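Report on one structure; see the data block that follows.
The values are calculated or read from the model by the stated rules, or taken from the named source; none is laboratory data. Predicted model, so just to flag it, every value in this text is computed and none were measured. FYI the Cβ positions are ideal-geometry reconstructions off the backbone, even for glycines, and counts take in every protein chain you see.
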Amino acid sequence: MNDKTRELLKTLPKIDEVLLLLENSCVLEGVSRDIVVGKCRQVVEEMRKAILDAEKSGGKGFGPSSADEAAQEVCKRLLALYNYSLRRVVNATGIILHTNLGRAPLCADALQRIVDISEGYSNLEFNLDEGKRGTRYDHVRELLCCISGAEEAIIVNNNAAAVLLVLNTLSENKESIVSRGELIEIGGAFRIPEVMEKSGAILREVGTTNRTHLSDYEDAVCPDTGLILKVHTSNFKVLGFTDEIGLGELVELGKRIKVPVMNDLGSGCFVSLDAYGFEREPTVQEVIKAGTDVVTFSGDKLLGGPQAGIILGKKTILEKIRKNPLNRALRIDKLTLAALEATMMYYLDLDRAVRDIPVLRSLTEPVAEVEKRAHNLVALLEQLSLKDLTFSITGDMSMAGGGSLPTQEIPTFVVAVHSHSISPSKLERKLRKLQVPIIARIYEDTILFDLRTIAEEEFVFVTDGLKQIAGEV
Ligand SMILES: *Cc1c(COP(=O)(O)O)cnc(C)c1O
């Protein structure tokens, strides 16, 4: 340690000094003393570290530290604790299932049910008919089974958990046969080979990236085979000279060799989206009908519900999965269950599901409606006559996101926001810092609001936000 550093360390404020400065500040009201002391320690400790780091990196000009400075920083951090960190935002990106923005917004009944069920006690694990212990899955099992045609249903925390649980139950220390074309990585560090390893399943890759034949699967079968796994490639597509084995053929093979067949559907959709101009994708009902032993998918992708992992399939197999101790560790909580039950109820009438589940509504909304909304928004904004900001409307493309329908662009309309005094990147930052942040799309240096993911009810956030920004510049 050199002399300068030693001198600087001597200037570090004492915790008591900082506390004394804070004594009369109103931020202390309603915060326990232990928390204040903890924050003071943290700030002074960071000052000490900064001095030491400055010496190490030969940093020059590092000044002495003052108690005032520390007190101000502590104030800032205490106030920040009272600001919700998890907040509502306006998704103006046009990516309907945006994982970073919380994926699926919930339908009206799901919201209401979360409040109703969590306000008081519930029969989460209590059978009201028999007056004794019940199971939490009972509340959605019947709905999921009758809508999908499956014999049995289990729900866990998310689809990654569902995949882990199924692999561990059916293939621990045994081989799972998977096509090389399906060894995918989706966002957030979910990689099929790595999840497999953690589950204890032994990966047996077959075929090539672009082509896998039935004989590849057949040749890999051995006494150690525990599972045949088919994975939806979700966020990518191999085009050109490709071949994959249909689920039907795999199910037949599984029956022949008496090995269960699992299909990780990723998104898992109950509605045929081809009727709305999308490429054909097998629905959950079709995958079950094909005789698949276990099917897994997310609750908060195309299903449009809360985060959950849904496992559907044959009774005998799901019984084993249910008994796996890992299931207890991955179990779904009551708020999610309440929201999922309400969402699934909408699927009793598929037309209603498309109309009233926000994700499906956004995906299938006719582009003319989106255009109308873009004009309505611009009309509202122009009424405000915000100096500095002008708006224009153009046609563009939205995306499904969430690893769903990766190559399919969805026609939309966007409002471009032009500022005459600040740069697009500065404007983007200001939008992000609003009380209700607006997460915009930037394309070729222009800020765009995609109306496919902005509901009429959210216009107030956009108008209030832009009013504030226009007032600041
Ligand atoms: C999204 C996805 C998962 C993970 O689902 P989460 O609900 O995000 O845990 C697993 N497999 C596939 C194929 C997926 O697309």
Some residue of segment 204-222 being within 21 Å of Gly309 (Cα to Cα) and touching a residue at least 24 places away in the same chain (Cβ under 8 Å): no
For residues that are without any contact (Cβ under 8 Å) to a residue 60 or more places away in the chain, under 21 Å from Ala400 (Cα atoms) and touching a strand residue (DSSP E or B) at 6+ places or on another chain (Cβ under 9 Å), tally how many sit in segment 278-293. 1
Output the residues belonging to segment 221-271 that are modelled with pLDDT of 95 or more and either more than 26 Å from Thr169 (Cβ to Cβ) or outside the structural domain of Gly149 (by TED's automatic domain parsing) (or both). Val271
Examine segment 272-283 for a residue that is surrounded by 24 or more Cβ atoms within 10 Å (Cβ to Cβ) and under 22 Å from Asn158 (Cα atoms), and state whether such a residue exists. no
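Conditions (1) within 16 Å of the ligand (Cβ to nearest atom); (2) surrounded by fewer than 18 Cβ atoms within 10 Å (Cβ to Cβ); (3) closer than 21 Å to Ile192 by Cα; (4) of a type in the set (Ser, Thr, Tyr), marked per residue:
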{"residue": "Asp219", "(1), (2), (3), (4)": "no, yes, no, no"}
{"residue": "Ser234", "(1), (2), (3), (4)": "yes, no, yes, yes"}
{"residue": "Glu249", "(1), (2), (3), (4)": "no, yes, no, no"}
{"residue": "Arg256", "(1), (2), (3), (4)": "no, yes, no, no"}
{"residue": "Gly304", "(1), (2), (3), (4)": "yes, no, no, no"}
{"residue": "Ile310", "(1), (2), (3), (4)": "yes, no, yes, no"}
When restricted to Lys433, Lys426, the only residue under 22 Å from the mean Cα position of the chain (by Cα), over 26 Å from Cys269 (Cα atoms), of a type in the set (Lys, Arg) and at pLDDT 95 or above is Lys433
Close pairs (9 angstrom Cβ cut-off, 6 or more residues apart or separate chains): modelled with pLDDT under 95 in segment 141-170, part of a helix (DSSP H, G or I) and within 15 Å of the ligand (Cβ to nearest atom) anywhere: Ala160/Val195
Suppose we filter segment 58-109 for residues that are farther than 30 Å from Val37 by Cα and among the polar types (S, T, N, Q); how many remain? 4
Residues being in a loop (DSSP other than H, G, I, E, B) and more than 15 Å from the chain's Cα centre (by Cα): count how many of those fall in segment 304-326. 2
What pairs come out if I take residues in segment 23-40 that are touching a residue at least 40 places away in the same chain (Cβ under 8 Å) and assigned to a loop (DSSP other than H, G, I, E, B) and pair them with residues that are of a type in the set (A, V, I, L, M) and surrounded by 10 or more Cβ atoms within 10 Å (Cβ to Cβ) whose C-beta lies under 8 Å away, six or more apart or interchain? Ser25/Ala71; Val31/Leu78; Val31/Leu81
